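The values are calculated or read from the model by the stated rules, or taken from the named source; none is laboratory data. Values in this document were obtained by computation on a predicted structure and should not be read as measured data. Please note: Cβ atoms are built from the backbone with ideal geometry, for glycine as well, and neighbour counts cover all protein chains shown.
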Amino acid sequence: MKSVKKRTSKTAKKTPRVVQSSEVSFDLEKIPVINWDFVFRILGSVTGIAAVTGLLLWLLGYLRIYGYQEAISLPRLGYVSQTYEQTMVKGVSFFISLITDIVFLLLIYFLVIIILPPFARYATKLIREKEQSTRSWLAILYVIFVNATIASFSYLSFRFLTSNQILNAAATLVFIFALLGTGADALDDDTRLSLFFRKMPKFLALFFCIVIPLTFRSLYAYESGLYAGCTDIVDSPMMTVFHSNTPLGIDGESEENGTYNYAGYYYLLADSNRYYLYRELDTTTLKPVKIFIVKNDAISVISLTKVETPIDWKLEKKCSDIHTNPIQKYNK
C-alpha cells in the first residue's frame with residue numbers, strides 16, 4: 001500500500017502543469033498597426049526634397065562653371081566637363097542664397113495672408129453697411145493704417161536684409177498679390193467672384209516667391225563665373241613651366257640634356273586627362289588668342305606660379321569694361 005502511494009506521488013510530481021489558454025491569449029486589436037500610406041508619403045517627400053536640392057545645386061554650379069569657361073574662351077572647344085560632385089560644390093553658396101531669398105519672401109506672403117484677413121473682413125463689413133457712423137469710418141482708417149504698417153514693415157525688413165533691387169521688387173510683388181488675394185477672399189462672402197479670380201493672386205504671389213529668386217540666382221551664378229574667369233586670367237594669371245621627355249612640337253620649346261622645356265605659358269584649366277594653357281590674351285576681348293591642350297601623360301614635371309599681369313600684353317581694357325561685377329550690378 002505504501003509503495004503504491006510512493007509511485008502515485010512520483011507520478012503526480014512529474015505530471016506537467018496544464019496552462020489554461022486564457023493565460024497566453026492576446027488581443028489583436030492592441031497590436032500597433034503601421035500606417036504604410038503615411039510612411040510612403042514621408043519617404044516620398046524626403047526623396048523629392050533631396051532630388052530637388054541636388055538638381056538645384058547642380059544647376060547653379062553648372063551655370064557658374066559654364067560662365068567661367070566662357071570667359072576664358074573654352075566653350076568654343078567644347079565644355080570641359082566636371083564631376084557631379086565638383087559641380088554641386090560650386091553651387092552651394094548660390095543655393096544657400098536662393099533658399100534664404102525664398103524663405104524671406106514666403107515669410108512676407110504668410111505675414112499678409114495670416115494677419116490681414118481679419119482686418120480685411122472687418123473693413124468689408126463696415127463698408128457694406130448702409131449707414132456709416134464716425135466710429136465705423138475710424139475703424140476703417142484703423143484697418144488701413146494697420147495694412148500700411150504691415151506693408152512698410154515687410155518691405156523695409158527685406159530692404160534691410162538685402163540691397164538687391166530684383167529681390168526688393170519681388171518682395172513688393174509678393175506683398176501686392178498676396179494682399180489682392182486676401183481682399184478677394186474678404187469680398188467673396190456671397191461667392192460673387194469666381195474661384196479663378198479668388199485664387200489667382202495668391203498663386204501669383206507664390207509663383208513670384210520661387211521663380212524670381214531662382215531666375216535671379218541662376219543669372220547671378222552665370223555672371224559670377226564670367227567675372228571670376230576674366231579676373232583670374234587677366235589680373236592674376238598663373239605662369240606655367242613644364243617639362244617633357246618627348247618633344248611636343250608647340251611654341252616655347254627648348255631642349256636640354258634630353259629634356260624638353262616649355263616656358264611662357266599660363267594656366268587656364270585642367271581636367272582628369274589634359275591641361276589647358278595659353279600664352280597671350282586678345283587686347284580687346286581679354287580672351288586667350290590661342291589655347292594649347294597638353295595631355296597629362298606627356299608632362300613629366302609642371303610648376304604653377306601666380307604672377308601679376310604681364311606688361312607686354314598691352315591690354316586695352318579691363319575686366320570691369322567687359323563683364324560687370326554682379327555684386328556691384330545688382331546691389332545698388
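Tabulated data
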{"quantity": "Failed item in (1) charged (D, E, K, R); (2) closer than 19 Å to Pro247 by Cβ; (3) surrounded by 12 or more Cβ atoms within 10 Å (Cβ to Cβ), with Glu280 passing the rest", "calculated": "(2)"}
{"quantity": "Counted residues, the range 271-305 - those being farther than 23 Å from Gln86 by Cβ and among the hydroxyl-bearing types (Ser, Thr, Tyr)", "calculated": "6"}
{"quantity": "Residue that is farthest from Tyr227 (Cα to Cα) [pool: residues in the range 48-82 that are modelled with pLDDT under 85 and hydroxyl-bearing (Ser, Thr, Tyr)]", "calculated": "Ser81"}
{"quantity": "Which numbered condition Gln328 misses (of (1) closer than 19 Å to Ile72 by Cβ; (2) of a type in the set (S, T, N, Q); (3) not in a loop (DSSP other than H, G, I, E, B))", "calculated": "(1)"}
{"quantity": "From the options Ile327, Ile250, residue that is more than 20 Å from Ala71 (Cα to Cα) and not assigned by TED's automatic domain parsing to the domain that holds Thr83", "calculated": "Ile250"}
{"quantity": "Residue match in the range 225-245 (condition: modelled with pLDDT of 85 or more, more than 19 Å from Gln69 (Cα to Cα), outside the structural domain of Leu56 (by TED's automatic domain parsing) and not in a strand (DSSP E or B))", "calculated": "yes"}
{"quantity": "Among the residues listed as Lys332, Lys317, Lys295, the single one being outside the structural domain of Leu248 (by TED's automatic domain parsing), at pLDDT 85 or above and either of a type in the set (D, E, K, R) or under 27 Å from Thr259 (Cα atoms) (or both)", "calculated": "Lys317"}
{"quantity": "Condition broken by Thr305, with the remaining ones in (1) under 31 Å from the mean Cα position of the chain (by Cα); (2) assigned to a strand (DSSP E or B); (3) of a type in the set (S, T, N, Q) satisfied", "calculated": "(1)"}
{"quantity": "Close pairs (6 angstrom Cβ cut-off, 6 or more residues apart or separate chains): closer than 16 Å to Ser93 by Cβ in the range 46-65, aliphatic (A, V, I, L, M) anywhere", "calculated": "Leu57/Met88; Trp58/Met88; Leu60/Ala221; Gly61/Met88; Leu63/Ala221; Arg64/Ala221"}
{"quantity": "Residue selected from the range 202-252 under the condition within 18 Å of Leu315 (Cα to Cα) and β-branched (Val, Ile, Thr), by the criterion nearest to the chain's Cα centre (by Cα)", "calculated": "Thr231"}
{"quantity": "Yes/no for Ser320 being closer than 30 Å to Thr100 by Cα and free of Cβ contacts under 8 Å to residues at least 40 places away in the same chain", "calculated": "yes"}
{"quantity": "Any hit, the range 83-101, residues being part of a loop (DSSP other than H, G, I, E, B), modelled with pLDDT under 80 and not assigned by TED's automatic domain parsing to the domain that holds Lys290", "calculated": "yes"}
{"quantity": "Test: residue in the range 271-284 that is of a type in the set (A, V, I, L, M) and either assigned by TED's automatic domain parsing to the domain that holds Ile65 or not in a helix (DSSP H, G or I) (or both)", "calculated": "yes"}
